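Asks: My structure is below; once you've seen it, I'll send some questions.
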Amino acid sequence: MNRSQPEANAVPPEEGARGGTMGSPALRSLPVADRPRRPEWMKVRAPSADSRYFEVRELLHGQRLNTICEEARCPNIGECWGRGTATFQILGETCTRACRYCYVHSGKPGSPPDPLEPLRLAQAAAQMGLRHVVVTSVDRDDVPDRGAGHYAATIRALKKKLPEASVEVLTPDFLGVEEEALATVLAARPEVFNHNIETVRRLHRKMRGAKASYDKALWLLRRAKELAGYPVLTKSGIIVGLGETNDEVVETMTDLREHGVDVVTIGQYLQPSSRHAPIDRWVHPDEFRWFREQGEAMGFGSVFSGPLVRSSYRADEQRHAAETGRGAVAH
Ligand code: SF4
């Protein structure tokens with residue numbers, strides 16, 4: 001999508017709102033104050049009756065599995081489930097953090113991790129015929145290992161049940177037990193280690209709270225690569241529309257690249273409820289294209305940058321692009 005948009009450098013600067021300052025040609029963001037309704041490039045497809053959407057939903061609900069697709073009210077659910085893919089959310093439904101942009105329920109989890117969840121998940125992934133399985137979770141600051149052992153058990157179950165499939169984990173920050181948790185997860189050898197930085201340095205604490213740290217996120221990504229002992233791909237994601245400038249986005253991309261990150265995703269923030277952070281701007285498709293070009297020049301293996309891009313959106317293609325040197329891709 002969006003490939004028919006005019007080139008970034010054809011955008012007249014006077015249409016600009018909150019773009020960058022240092023030579024960014026992409027000055028076409030729409031401030032939400034001027035344009036509260038979704039622009040046309042944010043429109044999504046509804047699930048169609050002849051897609052796999054309903055089959056996937058029945059299978060996941062039947063196995064009592066959570067997905068970030070549903071928990072975060074992802075706009076791509078019709079497309080992704082319709083293609084027969086989904087992103088599993090392990091370790092329960094309740095997150096011990098309360099990031100200002102995230103719809104996942106936060107509070108005190110009522111139960112410990114379910115030891116049978118990895119097996120049910122692997123069974124469902126096999127039934128779905130997945131070739132690339134993406135697993136994420138809520139934060140579990142209440143569990144001594146922060147859920148690292150559960151991640152490892154899930155990866156092992158998947159590799160046993162689906163030996164041909166690759167596994168991608170999108171982990172929390174493992175607050176206070178980072179080194180041990182990384183070692184535990186990486187010992188199970190996921191092909192992709194993903195940890196989202198989420199936003200730029202200036203907004204990180206405001207959006208993610210005092211427990212999270214921009215520098216710790218960068219450290220985690222670099223340390224994962226150092227500890228892996230095999231060629232793991234590292235990946236991170238940025239949400240735009242939270243009040244950052246385009247130059248700050250590029251600074252964050254630079255930070256990620258300097259910490260060895262291979263794949264980056266950039267997508268538009270959508271306010272999930274009135275209790276969450278307001279949207280600051282609708283970032284124009286030309287600006288997303290400009291981010292991709294910047295990332296390409298920095299040497300990322302893959303840059304997925306587009307209004308509806310999410311960390312797990314077409315994750316199989318992101319991995320393939322990075323591994324085959326197909327370069328950056330935008331949607
Ligand atoms: S983009 Fe990710 S979270 Fe959203 S529906 Fe697709 S797989 Fe699920």
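Asks: Taking the Cα-to-Cβ direction at Lys108 and at Glu58 and moving 7 Å from each Cα, how far apart do the two end points lie in nm?
Replies: With each label placed 7 Å out from Cα toward Cβ, I get 4.1 nm.
Asks: Once Lys and Arg get +1 and Asp and Glu get -1 on their Cβ, which of Tyr101, Ala122, Ala181 lies farthest toward the positive end of the dipole of the chain?
Replies: Projecting each Cα onto the dipole axis, the largest value belongs to Ala122.
Asks: Tilt of helix 246-258 relative to the longest C-alpha principal axis of the chain, in degrees (0 to 90, nearest 10)?
Replies: For helix 246-258, the angle is close to 40 degrees.
Asks: Under 5 Å between amide hydrogens, which residues at least 5 positions from Gln89 or on another chain qualify, with H placed 1.01 Å from N in the peptide plane?
Replies: Asn66, Thr67, Ile68, Thr136
Asks: Shifting gears a bit: At a Förster distance of 22 Å, what's the computed FRET efficiency of Leu119 paired with Val44, Cβ-Cβ distance as r, to 0.05? Could the numbers behind the result be given before it?
Replies: On the way: r = 33 Å, r/R0 = 1.50.
Given R0 = 22 Å and the Cβ-Cβ separation, E is 0.10.
Asks: Where does helix 178-187 land angle-wise versus the long Cα axis of the chain, in degrees 0 to 90, nearest 10?
Replies: The angle comes out near 70 degrees.
Asks: Tell me, what HN-Hα J-couplings in whole Hz come from the Karplus equation 6.51 cos²θ - 1.76 cosθ + 1.60 at θ = phi - 60° for each residue of region 144-160, using x for Gly and Pro?
Replies: Those phi angles translate into x, 8, 6, x, 4, x, 5, 4, 4, 4, 5, 4, 5, 4, 5, 5, 6 Hz.
Asks: Sticking with this one: If I stretch the segment between Asp215 and Arg35 completely, what's the gain in nm (0.36 nm per residue apart, minus their alpha carbon distance), one decimal? Don't skip to the answer; put the middle values down first.
Replies: Values: separation 180, 0.36 × 180 = 64.80 nm, distance 3.41 nm.
So the chain would gain 61.4 nm between Asp215 and Arg35.
Asks: For the chain, find the longest principal axis of its Cα atoms and tell me its angle to the long axis of helix 53-62, 0 to 90°, nearest 10.
Replies: Between the helix axis and the principal axis of the chain, the angle is about 40 degrees.
Asks: I'd like the Karplus ³J(HN,Hα) series for region 194-208: coefficients 6.51, -1.76, 1.60, θ = phi - 60°, whole numbers in Hz, and an x wherever there's a Gly or Pro.
Replies: After applying 6.51 cos²θ - 1.76 cosθ + 1.60, I find 10, 9, 7, 6, 6, 8, 6, 3, 4, 9, 4, 5, 4, 7, 9 Hz.
Asks: Treat each spin label as a single point 7 Å out from the Cα along the C-beta direction, and report the Thr324 to Asp142 distance in nm.
Replies: Placing both labels 7 Å beyond Cα along the Cβ direction yields 4.5 nm.
Where a number appears in this text, it was derived from the coordinates with a stated rule and is not lab data. Owing to the predicted nature of the structure, the values given are computational and were not obtained by experimental measurement. In this analysis, Cβ positions are derived from the backbone assuming ideal geometry, glycine residues included, and neighbour counts consider all displayed protein chains.
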